[in-house]
1. Provide an ascending nm list, one decimal, of label-point separations from B:Lys299 to the equivalent residue in each further copy; define each label point as 7 Å from Cα along Cα→Cβ.
2. Please name whichever of A:His187, B:Cys344, A:Ala65 sits farthest to the positive end of the charge dipole of the protein assembly as shown, dipole taken about the Cα centre and charges placed at Cβ: Lys and Arg +1, Asp and Glu -1.
3. Would you kindly work out, in nm and rounded to one decimal, the distances from the label point of A:Leu115 to those of the same position in each other copy, ordered shortest first, with label points 7 Å along Cα-to-Cβ?
4. Let me know the volume per residue of the alpha-carbon convex hull for chain B, in Å³.
5. Please compute the volume of the convex hull spanned by the alpha-carbon atoms of the stretch B:252-357 and report it per residue in Å³.
6. Is the shape of the protein assembly as shown best called rounded, prolate or oblate, per the rule: a/c under 1.5 gives rounded, else a/b larger than b/c gives prolate, else oblate, with a ≥ b ≥ c the square roots of the Cα gyration tensor eigenvalues?
7. How many Cβ atoms of partner chains, on average, are near each residue of A:259-265 if near means within 10 Å of its Cβ?
8. About its Cα centre, how strong a charge dipole does chain A have in debye, to the nearest 20, once Lys and Arg get +1 and Asp and Glu get -1 at the Cβ?
Number of protein chains: 2
Amino acid sequence: MLQSNKESLGIVKPEYFTFAQSPDELILESGLKLGPITLAYETYGVLNEEKTNAILALHAFSGDAHAAGYHQDEEKPGWWNDMIGPGKAFDTDKYFVICSNVLGGCKGSTGPSSLNPATGRPYGLDFPIITISDMVRAQKKLIDHLGIKKLLCVAGGSMGGMQVLQWVANYPEMVKSAIPIATTMKHSPQQIAFDEVGRQAVMADPAWNGGDYYGKAQPERGLAVARMIGHITYMSDRSMEDKFSRKLKEDNYSFTFKTDFEVEGYLRYRGDTFVKRFDANTYLYITKAMDYFDVSGDKIIPSGKKIDTRFLVISFKSDWLYPSYQSNELVRILRMRRADVTYCDINSTYGHDAFLLEVEDESRLIKHFLEKVSSVK
Amino acid sequence: MLQSNKESLGIVKPEYFTFAQSPDELILESGLKLGPITLAYETYGVLNEEKTNAILALHAFSGDAHAAGYHQDEEKPGWWNDMIGPGKAFDTDKYFVICSNVLGGCKGSTGPSSLNPATGRPYGLDFPIITISDMVRAQKKLIDHLGIKKLLCVAGGSMGGMQVLQWVANYPEMVKSAIPIATTMKHSPQQIAFDEVGRQAVMADPAWNGGDYYGKAQPERGLAVARMIGHITYMSDRSMEDKFSRKLKEDNYSFTFKTDFEVEGYLRYRGDTFVKRFDANTYLYITKAMDYFDVSGDKIIPSGKKIDTRFLVISFKSDWLYPSYQSNELVRILRMRRADVTYCDINSTYGHDAFLLEVEDESRLIKHFLEKVSSVK
């Protein structure tokens, strides 16, 4: 792993783009209308005059627009700071990197915690169900607004990778290259099952109150349980063994239901901190969007159609949440459509979290890929 | 899979054995005393005069004493009915099979829902933390009570397999043969993590009320969530794909948080039915006992000691909750101690549930093993 360098991008600030003002609301996949829509986004580096050096970085489930650099007075950098910055994989000396919080999010973009203009109160469950395609169609408005006709690259891991594939399905002519990482063309029933249990944990909490909890306490216990389940799926059996084994917090078993094992303490801590920064309804909406997502078979590139997008597909051998066979299947479909595909199944023990941690391997692959793509007319 | 045959054992009835009456309470591993203790148990077949044909079948986490045959007016047979009966793997024409509900359980054995003699009210969290060894020490009292000096075999899957290994560790001279199936010498941090999330889901439910909910509603929502998590871990990615794939309950996405996918409906159903038959506090106590369990290294057979117990170790290739590498490690340790071990890693797609479903393969192995063991003096 490369060390993150606090000086690299320095202090960054989010920006906001609002569109779909009445009467031009966005018509969603469900058929419902939504507007106005605000997307929170950040940019790093400089857009060149020809506007040909733009890279769209797309975040995973619990991510946000703050992909790199530091916010004023914050200790922690953005979620992909190891990968985005001067000299890094997404080299901000060369490229203009954009990251937006997804539609439905809770970090500055319009979502269930936003004010519903029809009522003046937060949407709650009146927020319409959104899909990954709706998220991507909103991002397209932002890219149009920035005056970019074609993205040099669209890249992201996990749910970010789903958005990458949806960009290819919706706007192939706008995507010069695509880097889907640790992702899938569609959720398997096991992936849906984990999402559904998380949703049930949230909805089982009386504080959830049918989604109407704004201004009161949010369903912290239920959301914490959901997040704990998530964390198990992000790590691998092996990485948990390496990190925790059966280490105890104290010298002996407590013979109580207090925290005995370090892994228990870790999960409780992760659950408790998550609820302070994430909205429970957004948890429901975004997991649903992932479960509905499906660009399998003909849906990513229609049969008989040839597209010019170049692909770098990355997966990780120990990732059991988005197992390598799903990336393999993606590669098979893309090659059947005669797309230009490089595929790498990285030997990592970190499980799904590897897409955030295997910086060195990813950087080498991505740097080389972007140089090649940049050199093509 | 063999078909279960309703006629095979016919109607069976539980029996009850009570011991550890004041002032002879059982001293638990924690150092606390517990008594009186009742174990619910069932027996199938006939104990021979020499009392040399007794097999102790041990149940998994949510099992009970009702391993085979039918209870009066019930449609469903016991949990291992496919394996226990005339002519079956555990052939009741030859063997006398005993199954007892574990200490801490909620199906007739003393557990947190039992009356605390000190207060006249259900124990709740005043029930002491118990261990797998405490369960086995209670079973030993039952076996003594039945006048059996040596068990022909001790067999069980999952937590039943842990009890098998604990029997070997505690009373090797009483165990002529042992069949630990789909189990481990100790929980990995991932296994502890899944248990801990289940416990947190129960305890997050306000109806849990610090364990004091008897006479009121039990924490059904929290317990259902815990069970849903469990069910994901009992199946494999592949068996979920085979059973559900992405099949929808209706023709199209609902664009609501109702049940869209069949797998969601299945999990909700499994959660909802579980809470009608299982006690939430027992869920906490028994998962804790599994997490504390550890017969690794020297603990199952002390270094330098030789025991006569013969082993048949069975695991399943698609079991990711108790992965084959854990059975492999068990076999390695047993062979280091020069024990007589047969090991079979069965090629199944059913995941952990395979120990209940791969009846044909298991029956062939177990029948042959028991014949061999019976013929040895």
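All of the numbers you see were taken from the coordinates with simple rules; none came from a lab. None of the values given here were measured: they were computed from a predicted structure. Glycine gets a Cβ as well: all are built from the backbone with ideal geometry, and neighbour counts include every protein chain shown.
1. 4.7
2. About the Cα centre, the residue reaching furthest to the positive side is B:Cys344.
3. When each copy's label point is compared with this one, the spacings are 6.2 nm.
4. Values: hull volume 55.5 nm³, N = 377.
With only Cα atoms used, chain B gives 147 Å³ per residue.
5. 159
6. Values: a/c = 2.24, a/b = 1.93, b/c = 1.16.
Since a/c reaches 1.5 and a/b is larger than b/c, the shape of the protein assembly as shown is classed as prolate.
7. 5
8. Working: 44 positive and 48 negative charges, 172 e Å.
It comes to approximately 820 debye.
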